[in-house]
Amino acid sequence: MQSAFIKAGTVRLEYYQHGTGPEAVMLVHGYASSARLWRLAMVEMDPRRFRVIALNNRGAGDSDRSPMEADYSVESFAQNLHHAVAALGLDGFTLVGHSMGGATVTQYGLAHQSRLKALVLLNSAPLNGRHLVPGWDETIREQFRTGERPQGDMGFNAPHVTESFKEAVLADIARNPLERAIGGRRSMSQLRLRERLRELKVPTLVVGGDRDTTVGVDNILAEYLALSEDVRSLHIFHGIGHSPNVEAPNSLAGLLGRFVGEVNEAHRMTSAERAGR
């Protein structure tokens, strides 16, 4: 897939696109990764039905970088996403966020849910934050000094993952700025979005893997239970870890397709009921 660029406010962001269908789906990656992590799932989605866009957040891929740690927070990413959505002309679309991207799309959804058709939280970062141990930032600085980079479970052990795919993602990770690593980690620790999930009125699918030790199934289920019963859905992959978009791309693409279809059908039924009154 070829990349393109969009001006999102004052920030130039890179994105990948697959398909030209009428159903728009925006994908937002997580903490240390990039939009490349979505590639395996993107190509499994019917290009005649879907227009799938994977956005590189600030600091990822060839998107603009910043020397300010605050520019890599969930709030900043959500604001950049808002400008990117407007520039791409998206409205009535499905928004999917993986890991830290789950927090980003939640933040966006709470502010702009009128633009959304549906929301998907894929192995989301814990929306109630996480305690940081003393010296956590110095550990990250040392990793960067030695050439090591924070990675996490990206599903690279799945048998279908090629070396070229893995190398491309790792090359993006190797270019991550230190400010992104520290700013993002600090931002995730301060999240207090779980208590606001009942404000969401759009259909929301919570997805996780039962072997996710990065965010934990307890947090995945907590996000689901915090949503209003009339908007929430849940899917747990068996034998899958933190990155179903890499470990089970075909299954995830099928799940997203079915979810969008169910949302459309529910909307049609509601519209028909209103017309019959």
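Summarising the amide proton neighbourhood of Leu191: residues at separation of 5 or more, or on other chains, whose placed amide H is nearer than 5 Å comprise Gly129, Arg130. Taking a point 7 Å from the Cα of Phe165 along the Cα-to-Cβ direction, the residues of segment 39-65 with backbone N closer than 13 Å to it are 39-45. At a probe radius of 1.4 angstrom, the accessible area of segment 1-124 per residue rounds to 33 square angstrom.
The rule of thumb for compact globular proteins, 2.2 N^0.38 Å, goes into the C-alpha radius of gyration of segment 148-277 1.31 times. Extents of segment 95-194, taken as max minus min of Cα coordinates on every principal axis and listed largest first, are 44, 39, 20 Å. At an R0 of 22 angstrom, the distance between the Cβ atoms of Arg145 and Asp62 translates into a FRET efficiency of 0.35. Size of the dipole of the chain about the Cα centre, Lys and Arg at +1 and Asp and Glu at -1 on the beta carbon, nothing else charged, in debye to 20? So the magnitude is around 600 debye. Ordering 188-198, 113-123 by mean Cβ neighbour count within 10 Å, with the highest value first, yields 113-123, 188-198.
Quickly estimate the mean residue ellipticity at 222 nm for the chain, helices only: each DSSP H run with n ≥ 4 gives -39500 (n - 2.57), and the total goes over all residues, rounded to 500.
Details: 9 runs with 108 residues, N = 277.
Helix-only estimate at 222 nm: -12000 deg cm²/dmol.
Each label was represented as a point 7 Å from its Cα along the Cα-to-Cβ direction; for Asp137 and Gln113 these points are 3.4 nm apart.
Taking all protein chains into account, the per residue accessible area for segment 165-271 stands at 45 Å² (1.4 Å probe). Above 28 Å, the calculated P(r) of the chain contains 30 percent of its Cα-Cα pairs.
Just the number, please: carbon plus sulfur as a percent of the accessible area of segment 123-212, 1.4 Å probe, no ligands or DNA/RNA counted.
It is 48 percent, rounded to a whole number.
With contacts taken as Cα pairs under 8 Å and at least 6 residues apart, the chain reaches a relative contact order of 21 percent.
Show me the ranking of peptides 243-254, 150-161 by mean Cβ neighbours inside 10 Å, starting with the highest.
For the peptides 243-254, 150-161, the packing ranking is 243-254, 150-161.
Report, to two decimal places, the Cα Rg of segment 1-106 normalised by 2.2 N^0.38 Å (N = number of residues). Ratio of Cα Rg to 2.2 N^0.38 Å: 0.98.
Atom-type composition of the exposed protein surface of segment 61-111 places 49 percent of the accessible area on carbon and sulfur (1.4 angstrom probe).
Which whole-number percent gives the relative contact order of segment 178-277, counting Cα pairs below 8 Å spaced six or more residues apart?
It rounds to 26 percent for segment 178-277.
For Arg48 and Ala158, the difference between the fully extended length at 0.36 nm per residue and the C-alpha to C-alpha distance is 36.8 nm. Among beta bridges identified by DSSP and lying wholly in the chain, the antiparallel ones come to about 30 percent. Relative contact order for segment 51-109: 28 percent, from Cα pairs under 8 Å spaced at least 6 residues apart, divided by residue count.
The shape of segment 98-140 comes out prolate: with a ≥ b ≥ c from the C-alpha gyration tensor, a/c is at least 1.5 and a/b beats b/c.
The values are calculated or read from the model by the stated rules, or taken from the named source; none is laboratory data. Values in this document were obtained by computation on a predicted structure and should not be read as measured data. Cβ atoms come from the backbone with ideal geometry, glycine included; neighbour counts cover every protein chain shown. Quick note on the areas: whole protein, heavy atoms, side chains included, nothing else; ligands and nucleic acids left out. Shrake-Rupley method; radii C 1.70, N 1.55, O 1.52, S 1.80 Å.
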